[in-house]
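Report on one structure; see the data block that follows.
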Amino acid sequence: MADLRWSKVFCPVDFSDESRAALRAAADLARRMGAELTLFHAESAESVLQAAATPSGRLVEWKREAERLGVSRVATASAPGQPAKAIVDAAMQGGFDLIVMGTHGRTGRRGMLIGSVAESVVRSSRVPVLTVHADWEQLH
């Protein structure tokens with residue numbers, strides 16, 4: 001088996017607590033591996049309306065947080081469209097080695113009605129995906 005060489009880590013964010021947990025995990029991996037970290041936001045009409053500030057401004061704040069966490073190379077990107085498709089397309093086109101993203105962990109009827117961006121990404125991405133719950137750090 002070949003060594004895993006994650007030199008480009010892709011972290012989609014929707015500015016939720018789950019995304020912040022994914023940012024911390026992605027930053028830790030990128031720092032340890034000397035990888036570049038790209039924070040990505042899919043700009044659906046709903047996400048733009050929900051954001052208190054412009055998504056690009058919030059990405060800059062999150063970039064600063066990743067830098068404070070010790071990542072030396074942090075980029076930001078965004079694209080319009082349905083989040084799962086935009087994430088998978090951007091990860092493939094950018095040649096990323098790993099996607100690290102948050103998951104709300106919704107199950108049952110609510111999960112079926114709302115849908116799961118993380119689940120869609122896991123099912124359709126050819127890039128490995130690491131999903132992170134907001135409370136994962138409390139386990140250690």
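Taken together, the values in this text are just the output of simple stated rules run on the coordinates, not laboratory data. Just so you know, these numbers come straight off a predicted model, no measurement behind them.
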**Item:** Cut-off under 5 Å, modelled amide H: who pairs with VAL13 long-range
**Value:** PHE40, HIS41, ALA42
**Message:** What does the extension gain come out to for HIS133 and LEU4, with contour length at 0.36 nm per residue minus their alpha carbon separation?
**Reply:** 44.1 nm
**Asked** Once amide H atoms are placed 1.01 Å from N in the peptide plane, what residues at a sequence separation of 5 or more from THR76, or on another chain, have their amide H within under 5 Å of its amide H?
**Response** LEU39
